Amino acid sequence: MTYPIPKAFHDPAHKLSGRIIKYLLENWHQEAILYSINVPMIQGLLEGDGLKIYWTGVWKNHFGRLFKESKVLSATPEVKKDILQGTDPSGTTEVLVKEGTDTGELAFRFSPSLDGILSAEAAPQGSDAWALSEGAVSVTVLLPGFAELHGEQPRTVTDRLWKMKL
């Protein structure tokens with residue numbers, strides 16, 4: 001997948017997504033609460049046959065970092081707004097403004113680390129990540145399921161008490 005995404009991919013991706021959503025609405029699985037649809041923004045969207053679409057399962061993994069720290073340098077209010085909203089055309093982590101000085105302001109930009117998540121070697125066949133690594137659309141039936149984090153839990157009430165100064 002390339003970034004920035006070529007504008008030519010937008011319309012075909014929107015049309016494909018619309019067709020998939022229409023199909024799902026007309027053929028809703030009785031146990032489904034929601035669906036996850038992932039359309040890769042790749043050249044195949046523009047080709048005659050389009051992209052393959054797979055019913056997939058969720059690859060149980062985790063993201064790395066989701067945000068990157070960005071320094072905000074002295075700039076006009078308009079430029080600062082662009083920086084904080086993540087619409088800085090330079091696309092860099094540190095935004096450099098001519099003759100700017102570090103304002104000490106801290107900003108975070110959505111910049112997920114997807115290293116390894118879209119790797120064909122790592123993703124099991126039939127998973128959503130596998131489909132994307134194959135250049136295909138993934139459609140996954142999802143059920144919400146909140147659960148506790150597994151691992152070592154405090155054993156006594158005293159161990160459960162937070163020891164934090166406010």
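Every number in this text was worked out from the coordinates using simple rules, so none of it is lab data. Here the structure is a predicted model, which means the values were calculated and not measured. All Cβ positions, even for glycine, are placed from backbone atoms using ideal geometry, and neighbour counts span all protein chains on display.
Exposure proxy shown here: for PHE9, PHE146, PHE110, PHE67, the number of other Cβ atoms within 10 Å sets the order, fewest to most, as PHE146, PHE110, PHE67, PHE9. The ranking of ASP159, ASP128, ASP11 from fewest to most other beta carbons within 10 Å of each one's beta carbon is ASP159, ASP11, ASP128. Listed from fewest to most Cβ neighbours within 10 Å, the set GLU31, GLU69 follows the order GLU31, GLU69.
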